[in-house]
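Scroll down for the structure; my scribbles are underneath it.
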Amino acid sequence: MDMQETESVAVRFENVKFKYDQNSRYALNNVSFSVKEGEFVALIGHNGSGKSTTARLINGLLEATSGKITVFGKDVSDKKNLFEVRKSAGIVFQNPDNQMVSSIVEDDVAFGPENIGVPREEIGERIEWALSVVGMTAYRNSSPARLSGGQKQRIAIAGVLAIKPKILILDESTAMLDPKGRKEIMDVVLRLNKEEKMTVIMITHFMEEALLADRTVVLNRGKIVLEGEPQDIFKNSELLETYNLSLPGIGYICKQLQKNGMAIRDCLYPEELAEEIASLLQEES
Amino acid sequence: MRKDVAFGQYYPVDSFVHRTDPRTKLLFLIAYIVALFCCKTGWGMALCALGLLTVILLAKLPLKLVVRSVRGVVFLLVFTGILNLFFYRGEGEALISWKFIHIYKEGIFYTIYLMSRLFLLVMSSAVLTLTTTPIALTDGLESLLTPLKYIRFPVHELALIMSIALRFIPTLMDETERIINAQKARGADFESGNVFKRIKAIIPILIPLLISAFRRAEELGDAMDARCYSGSSIRTKYKKLRFTYRDVCAFFFMAILMTGVFLFNSYGAALSALCVQGWNALLGLFGAV
């Protein structure tokens with residue numbers, strides 16, 4: 001029973017505390033949560049809520065002050081597990097410019113597999129596969145300097161995918177992109193989650209992106225304050241406001257319409273809102 | 001097109017020389033420089049020039065582009081040449097003597113030698129960088145330096161540092177431009193004032209750039225860690241350099257060139273004498289007619 005549970009749990013935090021240095025406050029204070037294999041979890045929270053810290057703790061870039069973090073049952077604090085943990089949990093960071101090591105796309109994607117000692121022929125196959133997943137096959141021999149932000153970030157994702165991790169962590173990976181670039185990344189991430197059954201942990205401050213997840217975890221000042229399906233989370237708009245978080249655009253429009261006396265239900269998706277308004281108009285006529 | 005600077009002066013055409021293995025080209029350049037410095041005769045020098053010309057033609061490089069590469073050092077070369085010409089002490093009578101300047105016949109010859117040697121040297125190096133991308137050069141260097149691993153020289157690390165540096169040139173150029181614009185927007189003046197004022201104006205560009213570079217380095221370090229970089233021995237290499245028939249050709253070409261230079265070194269004088277004799281005989285013949 002226990003064995004089976006550890007197998008299906010991708011990441012587990014147990015009473016994790018972390019502070020950056022002795023005198024500062026806890027960046028994470030007694031955080032416990034788990035992510036199931038194949039799940040798409042969004043982590044949201046205001047600046048300084050501990051989102052990025054969480055990402056860095058998962059693959060051992062930071063070490064928890066106390067508590068226990070496991071990735072597929074392996075304790076992250078054990079230095080012997082670190083390599084395996086990093087192989088199974090890949091992070092894509094915020095700034096695509098600061099994650100690339102080579103001036104040729106192909107060489108950059110090869111960097112990860114090279115590090116874990118994949119044989120040469122297989123690296124070629126992995127590059128092929130990773131670039132096709134992110135839709136960048138045509139740019140294999142290009143220089144990243146000539147690509148757009150969204151394209152660069154897709155290359156960064158490909159670079160992580162080439163290691164064939166089971167968990168993909170996105171640490172505000174869409175924050176520096178324009179709307180088009182953000183959509184490109186979200187499409188890739190959703191595809192990976194649905195088709196490749198990859199576990200996704202997405203740290204974001206775009207509520208629209210959090211809405212696409214299976215589950216949303218809200219952090220505030222180092223503590224988990226809300227957890228559940230995004231639809232349920234965004235019902236508590238007043239509560240979210242106290243954590244300096246807003247509703248997704250559609251939810252906000254919906255709230256304003258209600259305030260102006262329109263008798264519609266809470267909506268979060270454009271289709272939903274359109275339907276509500278349409279049916280209301282039909283009723284009136 | 002500032003971003004193109006990242007590729008140095010690489011001239012992108014498809015040619016025999018461009019496709020030659022970077023290791024071969026590096027070794028070729030070293031051998032060529034050795035040949036230049038071993039060369040003691042005009043014949044040998046002419047052969048070297050001819051060799052370089054052949055390579056330039058094979059590489060489909062515009063001759064102008066190669067010659068232009070000398071522009072940066074032309075002052076230095078001419079200066080060296082003039083010093084040599086004025087102060088070289090030959091045997092016998094000086095051709096011109098004026099105060100401390102004495103020009104000898106040997107001095108003229110020696111100066112011509114020196115100048116052509118230096119010009120060929122600079123141009124041959126230019127041909128290497130014009131036909132090879134910096135990243136290929138890095139790969140080539142890493143491969144050539146591999147034996148040094150046995151004496152614990154960090155070859156792989158050095159190559160990685162170089163490739164990362166190349167990768168960040170365009171990024172930091174963009175950043176510099178952004179900082180300059182930001183400082184200009186706040187009223188900074190980079191264009192007027194004397195030299196000292198202008199140098200002082202660079203400081204508000206350099207400091208933000210430096211800070212940003214450090215921040216980037218830290219983030220890159222994290223990203224490399226996250227992608228399992230440990231610099232360990234299990235690391236494999238995806239790109240492998242391969243020697244082809246081109247490299248065999250290049251080695252033969254170099255061998256011929258070197259042999260030629262050394263043959264001329266030994267027998268050049270005799271050849272010159274023969275030529276002079278032939279010339280005199282020819283003149284004599286015409287004279288008789």
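Every read-out reported here was derived from the displayed coordinates using simple, explicitly stated rules and does not represent laboratory data. Computed from a predicted structure; not experimentally measured. Please note: Cβ atoms are built from the backbone with ideal geometry, for glycine as well, and neighbour counts cover all protein chains shown.
Within the stretch A:23-117, report the trypsin sites (Lys or Arg not before Pro) that DSSP leaves as loop and that have at most 12 other Cβ atoms within 10 Å. Display every interim value, and only then the final one.
Details: sites: A:R25, A:K36, A:K51, A:R56, A:K68, A:K74, A:K79, A:K80, A:R86, A:K87; in loops: A:R25.
Those that pass, being in a loop and sparsely packed, are A:R25.
Taking chain A as a Gaussian network, where each spring joins two C-alpha atoms under 10 Å apart, which residue of A:I157, A:I127, A:I104 fluctuates the most?
Largest GNM mean-square fluctuation: A:I104.
Computed over the Cα atoms, what is the radius of gyration of the protein assembly as shown divided by 2.2 N^0.38 Å, N being its residue count? Could the numbers behind the result be given before it?
Numbers: Rg = 33.4 Å, N = 574, 2.2 N^0.38 = 24.6 Å.
Dividing the Cα radius of gyration by 2.2 N^0.38 Å gives 1.36.
Relative to the longest principal Cα axis of chain A, at what angle does helix A:149-161 sit, 0 to 90 degrees, rounded to 10?
50 degrees
Give me the compactness ratio for the stretch B:160-289, meaning the Cα radius of gyration over 2.2 N^0.38 Å. Working shown, then result.
On the way: Rg = 30.8 Å, N = 130, 2.2 N^0.38 = 14.0 Å.
Relative to the rule-of-thumb radius for its length, the stretch B:160-289 sits at 2.20.
From the residues B:F251, B:T133, B:L27, which one has its Cα farthest along the dipole of chain B in the positive direction, the dipole being from +1 and -1 charges on Cβ of Lys/Arg and Asp/Glu about the Cα centre?
Checked the options; the winner is B:T133.
Given labels modelled 7 Å from the Cα in the Cβ direction, how far is it in nm from B:L210 to B:A288?
Going by the 7 Å Cα→Cβ label model, 8.1 nm.
Just the number, please: Stokes-Einstein D of the stretch A:83-134 in µm²/s, Kirkwood Rh from C-alpha pairs, 20 °C, 1.002 mPa s.
179 µm²/s
Where does the charge balance sit around A:S237 when Lys and Arg score +1, Asp and Glu -1, over other residues with C-beta under 10 Å from its C-beta?
On the way: positive: A:K235, A:K255; negative: A:E238, A:E241, A:D266.
That sum, taken over residues with Cβ under 10 Å, equals -1.
Let me know the Kirkwood hydrodynamic radius for chain A, please, with Cα pairs as the basis and the value in Å to one decimal. Working shown, then result.
Numbers: mean 1/r = 0.0496 Å⁻¹.
Computed over Cα pairs of chain A, the Kirkwood hydrodynamic radius comes out at 20.2 Å.
Once both labels are modelled 7 Å past Cα along the beta-carbon direction, what's the B:L271-A:T137 spacing in nm?
5.7 nm
By what distance, in whole Å, do the Cα atoms of the stretch B:158-231 stretch along each of the three principal axes, largest value first?
Here the Cα extents, ordered largest to smallest, are 50, 23, 16 Å.
Would you be so kind as to identify which of A:N244, A:M176, B:C39 lies farthest towards the positive end of the dipole of the protein assembly as shown, taking Lys and Arg as +1 and Asp and Glu as -1 on Cβ and the Cα centre as origin?
Going by the charge dipole, the pick is B:C39.
Extending each Cα 7 Å along its Cβ direction at A:S285 and B:L172, get the distance between those two points in nm, one decimal.
6.5 nm
Angle between the Cα long axis of helix A:179-195 and the longest principal axis of chain A, 0 to 90 degrees, nearest 10?
In chain A, helix A:179-195 runs at an angle near 70 degrees to the longest axis.
Taking chain A as a Gaussian network, Cα atoms linked when under 10 Å apart, which of A:A130, A:A156, A:A138 shows the biggest mean-square fluctuation?
Its mean-square fluctuation being the largest, the pick is A:A138.
Between exposed GluC sites (Glu not before Pro) in chain B, where DSSP calls loop and at most 13 other Cβ atoms lie within 10 Å, what's the longest gap? Let's see the in-between values first.
Values: sites that count: B:E91, B:E93, B:E191.
So the longest stretch without any such site is B:192-289.
Using 30 Å as the Cα-Cα cut-off, could you pick out the over-long pairs in A:K17/B:K237; A:K36/A:K183; A:K19/A:K80; B:K64/B:K99; A:K180/A:K235? Please report the intermediate quantities before stating the final value.
Working: A:K17/B:K237 39 Å; A:K36/A:K183 25 Å; A:K19/A:K80 23 Å; B:K64/B:K99 40 Å; A:K180/A:K235 28 Å.
Result: A:K17/B:K237; B:K64/B:K99 exceed 30 Å.
In nm², what is the average projected area of the convex hull enclosing the Cα atoms of the stretch B:39-111?
Details: hull surface 25.0 nm².
If I average the Cα hull's projected area over directions, I get 6.2 nm².
Using DSSP to define loop residues, name the chymotrypsin sites (Phe, Trp or Tyr not before Pro) in the stretch B:231-289 whose beta-carbon has at most 16 other beta-carbon atoms within 10 Å.
Details: sites: B:Y238, B:F243, B:Y245, B:F251, B:F252, B:F253, B:F262, B:F264, B:Y267, B:W279, B:F286; in loops: B:Y238, B:F243.
Sites meeting the loop and neighbour criteria: B:F243.
Which shape class applies to chain B: rounded if a/c is under 1.5, otherwise prolate when a/b exceeds b/c and oblate if not, where a ≥ b ≥ c are the square roots of the Cα gyration tensor eigenvalues?
Details: a/c = 2.72, a/b = 1.56, b/c = 1.74.
The shape class here is oblate.
Can you tell me which of B:G90, B:G231, B:G42 moves the most in a GNM of chain B? Springs connect C-alpha atoms under 10 Å apart.
Fluctuation is largest for B:G231.
Test of understanding: express the Cα radius of gyration of the stretch A:29-148 as a ratio to 2.2 N^0.38 Å, with N the residue count. Intermediate results must be reported in sequence, preceding the final value.
On the way: Rg = 16.8 Å, N = 120, 2.2 N^0.38 = 13.6 Å.
After normalising by residue count via 2.2 N^0.38 Å, the value is 1.23.
Counting other C-beta atoms within 10 Å, and keeping those with at most 12, which DSSP coil trypsin sites (Lys or Arg not before Pro) do you find in the stretch A:220-285?
A:R265
Take every DSSP beta bridge with both residues inside the protein assembly as shown and express the antiparallel ones as a percent of the total, to the nearest 5. Show your work: numbers first, answer last.
Details: 21 of 39 bridges.
Rounded to the nearest five, the antiparallel share is 55 percent.
Taking Cα atoms, how many degrees apart are the long axis of helix B:134-145 and the longest axis of chain B, rounded to 10 and kept between 0 and 90?
Its long axis makes an angle of about 80 degrees.
By the gyration tensor of its Cα atoms, with a ≥ b ≥ c the square roots of the eigenvalues, what is the shape of the stretch A:115-212: rounded for a/c under 1.5, prolate for a/b over b/c, or oblate? List each step's numbers first, then the result.
Values: a/c = 2.11, a/b = 1.36, b/c = 1.56.
Taking the square roots of the gyration eigenvalues as a ≥ b ≥ c, the stretch A:115-212 is oblate.
Between B:D14 and A:R191, what FRET efficiency comes out of the Förster formula 1/(1 + (r/R0)^6) with R0 = 35 Å and r the beta carbon distance, rounded to 0.05?
Values: r = 37 Å, r/R0 = 1.05.
Between A:R191 and B:D14 the formula returns 0.45.
If we count other beta carbons within 10 Å of each Cβ, what is the order of A:L257, B:L61, A:L43, B:L130, fewest first?
Details: A:L257 17, B:L61 20, A:L43 29, B:L130 23.
With the fewest neighbours first, A:L257, B:L61, A:L43, B:L130 line up as A:L257, B:L61, B:L130, A:L43.
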